[in-house]
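K.L.:
Quick one: the structure is below, questions incoming.
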Amino acid sequence: RENSNSIPRRTAVLAKEFDKYNLDIVALQETHLTGYGRLDERNPNYTYYWSGKDEPSDNHGVAICVRTELIRKGIISEPTCVSDRIMSLKIIEETTKTSFICCYAPTNVQDARQKDAFYEELKDVLRTIPKSHGIIIAGDLNARVGKNHGQWRQILGKHGFDVETNDNGTRLLELCALEQLTIMNTWFQQKGKHKSTWQHPRTKRWHMIDYIIVRHSRRADVKRCKSMRGAECGTDHNMVRSTIWLQPKQHTKQTRDPVYDSQSLKRDEIRAKFKEKVIQLHSDNSLENTSVQSTWTNMKQTFSKAAAETIPKKK
């Protein structure tokens, strides 16, 4: 909540790190924030939206952080807070929209009913998205999806990380097959340290459990997906940084009518020129047998043109 003493400090530190890595939209998990809300950071300019439990909790909670400029330009919509594990917003593109979904899945050892509930909730969100719209799922899925590119063609690339697949991994792969999604972390050939995202505290083995997932049809739009071990975000997970080509809708600025310096009419010279011009233009327009609306339009055009030619504009 905005009145928490710790939130501004944490969000300010994170915003500086996001700006350092030139991030426009960030998905955050395990925020521990209650309810839902918004917080603006001024330096640098980022806006946080979050969705959490109604009561304080030691886990759960998701948030999306966005460059404030994107909101101001109308490129980013207001978020939809689904639960303490899922929230989304829309990116307004030139010809379509892309749903950005931040999610946090139950751990692999948690009760199957919790996992079922999470995936049903995520499926419900995906079902509301038109087929013509893009999808970006970003988050901690607590899933090891393995390397079986042959079995999961179009879903997994040839550059996975974990040898084995766990229960959460199977659930995620089945969801991707159902919704025609692809796991982008596995499509880029790079060192293991740039694939793995989390180190098991007991075994000290690294795993890939945080993902960027998009539609099959938009796979070519993803130019990079890389784990960043140097990012300081106060978490035991590595940041996953992805570059995705989108085409935001351009909002053209509306041209404003010129504002004239009416005070200049107090000067005899300018007032005389304006009066003379109005008389000249008025005599050029015949107002006989015209409607009230036409008379008003002609008079408005006369005064506007006379002002444009004789009265200086306000600076």
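Just so it is clear, none of the values below were taken in a lab; they were calculated from the coordinates. Values in this document were obtained by computation on a predicted structure and should not be read as measured data. Cβ: placed from backbone, ideal geometry, glycine included. Neighbour counts: every protein chain shown.
K.L.:
Counting other Cβ atoms within 10 Å, which GluC sites (Glu not before Pro) in region 140-229 have at most 14 and lie in a DSSP loop? Before the final figure, lay out each step's value.
P.N.:
Values: sites: Glu164, Glu174, Glu179; in loops: Glu164.
When the GluC sites (Glu not before Pro) of region 140-229 are filtered for loop state and at most 14 Cβ neighbours within 10 Å, Glu164 remain.
K.L.:
Any chance you could give the angle, 0 to 90 degrees and rounded to 10, that helix 6-20 forms with the longest Cα principal axis of the chain?
P.N.:
80 degrees
K.L.:
If you count, for each residue, the other Cβ atoms within 10 Å and average over each peptide, how do 301-313, 97-109, 120-132 line up from highest to lowest? The partial results should precede the final answer.
P.N.:
Numbers: 301-313: 15.1, 97-109: 20.5, 120-132: 12.8.
With the highest mean Cβ count within 10 Å placed first, the list reads 97-109, 301-313, 120-132.
K.L.:
On a 0 to 90° scale, report how tilted helix 112-127 is relative to the longest principal axis of the chain, with both axes built from alpha carbons and the result rounded to the nearest 10.
P.N.:
It is inclined by approximately 30 degrees.
K.L.:
Which angle between 0 and 90 degrees, to the nearest 10, do you get for helix 167-179 versus the longest principal axis of the chain when only C-alpha atoms count?
P.N.:
Once rounded, the angle reads 40 degrees.
K.L.:
Efficiency by 1/(1 + (r/R0)^6): what FRET value for Lys300 and Lys249, r their Cβ-Cβ distance, R0 = 25 Å, to the nearest 0.05? Working shown, then result.
P.N.:
On the way: r = 34 Å, r/R0 = 1.34.
Computed FRET efficiency for Lys300 and Lys249 comes out at 0.15.
K.L.:
I've got another one for you. Treating only the Cβ atoms of Lys and Arg (+1) and Asp and Glu (-1) as charged, compute the dipole magnitude of the chain about its Cα centre; round to the nearest 20 debye. Before the final figure, lay out each step's value.
P.N.:
Working: 52 positive and 38 negative charges, 235 e Å.
Dipole magnitude for the chain comes out near 1120 debye.
K.L.:
On to the next question. In region 156-235, which trypsin sites (Lys or Arg not before Pro) fall in coil by DSSP and have 14 or fewer other Cβ atoms within 10 Å? Spell out each step's value before the answer.
P.N.:
Values: sites: Lys158, Arg171, Lys191, Lys193, Lys195, Arg202, Lys204, Arg205, Arg215, Arg218, Arg219, Lys223, Arg224, Lys226, Arg229; in loops: Lys158, Lys191, Lys195, Arg202, Lys204, Arg205, Arg229.
When the trypsin sites (Lys or Arg not before Pro) of region 156-235 are filtered for loop state and at most 14 Cβ neighbours within 10 Å, Lys158, Lys191, Arg202, Lys204, Arg205, Arg229 remain.
K.L.:
Place +1 on the Cβ of every Lys and Arg and -1 on the Cβ of every Asp and Glu in region 168-225, take the dipole about the Cα centre, and give the residue among His200, Tyr211, Leu181 whose Cα lies farthest towards its positive end.
P.N.:
His200
K.L.:
Sticking with this one: What nm value, rounded to one decimal, do you get for the distance between Glu55 and Arg9 when each label is placed 7 Å out toward the C-beta?
P.N.:
Placing both labels 7 Å beyond Cα along the Cβ direction yields 2.7 nm.
K.L.:
Springs between alpha-carbon atoms under 10 Å, Gaussian network over the chain: tell me which of Ala63, Ala143, Ala117 tops the mean-square fluctuations.
P.N.:
Residue with maximal mean-square fluctuation among Ala63, Ala143, Ala117: Ala117.
K.L.:
Moving on. Hey, fewest Cβ within 10 Å first, where do Val13, Val163, Val145, Val26 land in order?
P.N.:
Working: Val13 14, Val163 9, Val145 28, Val26 22.
Lowest count first: Val163, Val13, Val26, Val145.
K.L.:
Please state the charge dipole magnitude for region 1-154, taken about the Cα centre, from unit charges on C-beta atoms (+1 on K and R, -1 on D and E), reported in debye and rounded to the nearest 20.
P.N.:
Numbers: 22 positive and 21 negative charges, 88 e Å.
Dipole about the Cα centre, nearest 20: 420 debye.
K.L.:
Taking the beta-carbon count within 10 Å as an exposure proxy, list Thr95, Thr170 from fewest neighbours to most.
P.N.:
The most exposed by this proxy come first: Thr95, Thr170.
K.L.:
For Met208, which sequence-distant residues (separation of 5 or more, or a different chain) have an amide H within less than 5 Å of its own amide H, given hydrogens modelled in the peptide plane?
P.N.:
Asp162, Thr197
K.L.:
Please give the length that would be gained between Ala272 and Glu93 if that part of the chain were fully extended, namely 0.36 nm times their separation in residues minus their C-alpha to C-alpha distance (nm, one decimal). The partial results should precede the final answer.
P.N.:
Details: separation 179, 0.36 × 179 = 64.44 nm, distance 5.27 nm.
Extending this stretch completely gives an extra 59.2 nm.
K.L.:
Next question, about the same structure. As I understand it, the dipole of the chain uses +1 on the Cβ of Lys and Arg and -1 on the Cβ of Asp and Glu, about the Cα centre. Which of Ala306, Thr47, Thr96 lies farthest toward its positive end?
P.N.:
Ala306
K.L.:
Could you compute the FRET efficiency for Thr203 and Arg153, with r as their C-beta to C-beta distance and R0 at 22 Å, rounded to 0.05?
P.N.:
0.15
K.L.:
Any idea how far apart Asp40 and Ser132 come out in nm if each label point goes 7 Å out from Cα toward Cβ?
P.N.:
3.4 nm
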